[in-house]
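For reference, the structure discussed in these notes is given below.
The values are calculated or read from the model by the stated rules, or taken from the named source; none is laboratory data. All values reported here derive from a predicted model rather than from experimental measurement. Because the Cβ atoms are built from the backbone with ideal geometry, glycine has one as well, and the counts that use them run over all protein chains shown.
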Amino acid sequence: ILDDVWSRADLEKVLFDGEEYKTLVTTRDCSTIPKTPSTQLYQLPLLDDTDALSLFCFWAFGQRSIPSTAAETLVWQVQAECKGLPLALKVIGSSLHGQPLPAWERAKNKLLNGEPISDYHKEGLLRVLETSIDVLNEETRVCFLDLGSF
């Protein structure tokens, strides 16, 4: 499994052909994937606005809709900056859980500028990734971490 590949040159360094061997590659740029007869592309769609809002609200408010006490426009703006990415919706939503209105405003402004909204935002993302790595057996974990160093 090669996650978040940005360069075809980097990918070609680690790909090889082998019988009964498969490689799963995730990328935001399909042009990084060499086209071969065995290549199968699957474009994973982002969450639509309704599902994205539901997921965001679950983590931000503990329910699947905007509560009447929340600033609805601001919630929509922050959620929209997550671009339908489930991990971003979870991490950013949970980092804003229980925060006052000024914190939401700061978060919106930081997201609009491409900045992390808080240390928790960065750490939350790393914790989620760490959890995924921790469940791997030792040999697979070492391989994964080696590949992640590219």
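Summed over region 1-29, the residues that are farther than 21 Å from I133 by Cα and surrounded by 11 or more Cβ atoms within 10 Å (Cβ to Cβ) give a count of 5.
Pairing residues of region 4-18 that are over 11 Å from D29 (Cβ atoms) and without any contact (Cβ under 8 Å) to a residue 12 or more places away in the chain with residues that are surrounded by fewer than 12 Cβ atoms within 10 Å (Cβ to Cβ) and small (G, A, S), at Cβ distances under 9 Å and at least 6 apart in sequence or on separate chains, gives D17/S38.
Listed by position, the helices (runs of 4 or more DSSP H) enclosed by region 1-85 that each have at least 1 residues that are touching a Lys or Arg at 6+ places or on another chain (Cβ under 7 Å) and not aliphatic (A, V, I, L, M) are 49-61, 72-81.
Among the residues of region 89-103, those identified as free of Cβ contacts under 8 Å to residues at least 12 places away in the same chain and under 13 Å from I117 (Cα atoms) are Q99, P102, A103.
Under the condition of being farther than 28 Å from Q77 by Cβ and within 15 Å of the chain's Cα centre (by Cα), the residues counted in region 27-58 number 1.
For T69, are the conditions met, namely being hydroxyl-bearing (S, T, Y), assigned by TED's automatic domain parsing to the domain that holds K90 and over 20 Å from the mean Cα position of the chain (by Cα)? Can you show your working first?
Numbers: hydroxyl-bearing (S, T, Y): yes; assigned by TED's automatic domain parsing to the domain that holds K90: yes; over 20 Å from the mean Cα position of the chain (by Cα): yes.
Judged against the criteria, T69 is a match.
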